[in-house]
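All remarks here apply to the structure that follows.
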Amino acid sequence: MLVYTVDAFTDIPLGGNPAGVVICDRDMPDEKVMRQTAAKVGYSETAFVKRLDESTFRVRYFTPVEEVQLCGHATVGTFSLLLQKGIIEGGKTYTAKTNAGDIAVDVKNGLVWLDMASPKEMGGLSAEDEKALLAMYGLKEGDYGALRPALVDTGLPDIMLPLASRGLLAALKPDMAAISALSEKLNVTGVHAFALEDGIAYCRNFAPLYGIDEESATGTSNGALTYYLYNRKLIAPGEQNLFIQGEAMGKPSKIYSILSVKEDGSAAIRVGGSAVVRE
């Protein structure tokens with residue numbers, strides 16, 4: 001079994017967020033083998049992809065611990081690899097059949113754009129959970145700034161953790177055990193912390209419950225953040241939004257998003273980025 005390493009949401013090798021990608025020429029391995037492979041590879045996610053027809057691919061994602069429904073950066077990495085290998089062509093739309101549903105993937109001008117699952121905001125946190133969230137990052141009341149935490153889902157649910165400044169974001173002191181416990185209690189993947197500056201969202205993502213203490217680029221989490229900011233009138237439909245993540249890890253990543261509004265008034269979100277296949 002050949003596993004490729006792809007650095008997603010970056011245009012330089014060893015930048016962005018690495019993912020393992022396995023192209024399955026025949027049937028996918030059984031779940032036990034995929035889980036063992038992901039654990040051996042050791043990246044936050046490894047994607048297994050099999051072509052079903054000319055424009056449709058089945059994709060499954062495994063962390064070192066277990067299977068997850070969807071992974072944005074691994075999807076960007078997967079389709080960038082398929083493009084480089086000549087399996088797909090630029091300028092076309094493909095379908096990734098994932099456990100979170102069918103995801104439309106466009107390959108345009110060197111960027112891979114993918115639809116997020118229908119966005120959902122599931123409300124804020126209780127006063128008790130907000131207090132716990134502050135404590136597990138070494139924060140104090142007032143560090144949220146003008147915004148408050150909320151649970152948002154565009155394929156994977158996360159806690160959106162707003163911060164008043166980039167300084168606070170850089171100085172976070174995460175208690176991974178406490179983050180895991182709160183994530184399990186609230187049935188979320190993890191915590192997506194962010195601070196806004198000059199129209200850019202600077203982010204850090206923590207998912208220790210799934211074996212990922214911190215991740216340098218997360219498509220689904222920034223899709224969720226797009227919806228969070230839209231609901232608070234901080235971004236507008238049709239705008240291309242930029243998220244910078246991974247600075248604290250020395251692996252700065254660029255994730256783009258665009259939100260559109262359908263005829264029925266519901267929102268649709270696309271996340272995009274480039275990727276580099278390591279040879």
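Taken across the stretch 211-221, residues that are assigned to a strand (DSSP E or B), among the hydroxyl-bearing types (Ser, Thr, Tyr) and in contact (Cβ under 8 Å) with a residue 60 or more places away in the chain do not occur at all. When the stretch 147-158 is filtered for residues that are over 13 Å from the mean Cα position of the chain (by Cα) and of a type in the set (A, V, I, L, M), the ones remaining, listed by number, are Leu147, Ala150, Leu151.
Of all positions in the stretch 129-152, at least one carries a residue that is closer than 20 Å to Ser257 by Cβ, out of contact with any Asp or Glu (no Cβ under 8 Å at 6 or more places or on another chain) and modelled with pLDDT of 95 or more.
Being over 17 Å from the mean Cα position of the chain (by Cα) and outside the structural domain of Pro252 (by TED's automatic domain parsing) is the requirement here; does Thr37 meet it? Can you show your working first?
Details: over 17 Å from the mean Cα position of the chain (by Cα): yes; outside the structural domain of Pro252 (by TED's automatic domain parsing): yes.
The answer is yes for Thr37.
Checking Ser126, Ser118 one by one, the residue that is closer than 21 Å to Leu70 by Cα and either hydroxyl-bearing (Ser, Thr, Tyr) or in contact with a Cys (Cβ under 9 Å, 6 or more places away or on another chain) (or both) is Ser118 and no other.
Being touching an Asp or Glu at 6+ places or on another chain (Cβ under 7 Å) and part of a strand (DSSP E or B), is that true of even one residue in the stretch 87-95? Yes - at least one qualifying residue is present in the stretch 87-95.
Every residue, every condition in (1) among the hydrophobic types (A, V, I, L, M, F, W, C); (2) surrounded by 14 or more Cβ atoms within 10 Å (Cβ to Cβ); (3) not in a loop (DSSP other than H, G, I, E, B), yes or no:
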| position | (1), (2), (3) |
| --- | --- |
| Ala135 | yes, no, yes |
| Gly138 | no, no, no |
| Ile159 | yes, yes, yes |
| Leu168 | yes, yes, yes |
| Ala193 | yes, yes, yes |
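Taken over the stretch 250-267, the criterion of being within 16 Å of the chain's Cα centre (by Cα) and hydrophobic (A, V, I, L, M, F, W, C) is satisfied by Ile255, Ile258, Leu259. Look at the stretch 134-147: where a residue is under 11 Å from Pro162 (Cα atoms) and in the same structural domain as Gly167 (by TED's automatic domain parsing) and a partner is part of a loop (DSSP other than H, G, I, E, B) and of a type in the set (Gly, Ala, Ser), sitting 6+ places away or on another chain with Cβ atoms under 9 Å, you get Gly142/Ala164; Asp143/Ala164; Asp143/Ser165; Tyr144/Ala164; Gly145/Ala164; Gly145/Ser165; Ala146/Ala164; Leu147/Ala164. The residues listed here are Val105, Val76, Val21; of these, the one that is surrounded by 13 or more Cβ atoms within 10 Å (Cβ to Cβ) and in a helix (DSSP H, G or I) is Val76. Which is without any contact (Cβ under 8 Å) to a residue 60 or more places away in the chain, out of contact with any Phe, Trp or Tyr (no Cβ under 9 Å at 6 or more places or on another chain) and basic (Lys, Arg), of Lys251, Lys233? Result of the check over Lys251, Lys233: Lys233. Screening the stretch 248-274 for residues that are closer than 19 Å to Val6 by Cα and not in a strand (DSSP E or B) and picking the one that is modelled with the highest pLDDT gives Met249.
Of the residues making up the stretch 175-186, one or more are at pLDDT 95 or above, touching a Leu at 6+ places or on another chain (Cβ under 7 Å) and of a type in the set (A, V, I, L, M, F, W, C). Sub-6 Å Cβ pairs linking a first residue in the stretch 18-29 that is touching a residue at least 60 places away in the same chain (Cβ under 8 Å) to a second residue that is of a type in the set (A, V, I, L, M), at least 6 apart or interchain, are Val21/Val6; Val21/Ala47; Val21/Leu81; Ile23/Val49, ordered by first then second residue.
I'd like to check something: does the stretch 58-81 contain any residue that is farther than 16 Å from Gly219 by Cα, charged (D, E, K, R) and without any contact (Cβ under 8 Å) to a residue 12 or more places away in the chain? Within the stretch 58-81 (the criterion being farther than 16 Å from Gly219 by Cα, charged (D, E, K, R) and without any contact (Cβ under 8 Å) to a residue 12 or more places away in the chain), the answer is no, since none of the residues qualifies.
What is the one condition in (1) at pLDDT 95 or above; (2) under 26 Å from Thr95 (Cα atoms); (3) out of contact with any Lys or Arg (no Cβ under 7 Å at 6 or more places or on another chain); (4) surrounded by fewer than 18 Cβ atoms within 10 Å (Cβ to Cβ) that Leu242 does not satisfy? Every listed condition holds for Leu242 apart from (3).
The values are calculated or read from the model by the stated rules, or taken from the named source; none is laboratory data. Quantities reported herein were computed from a predicted structural model and do not represent experimental measurements. As a convention, Cβ positions derive from the backbone with ideal geometry for all residues, glycine included, and neighbour counts pool all protein chains shown.
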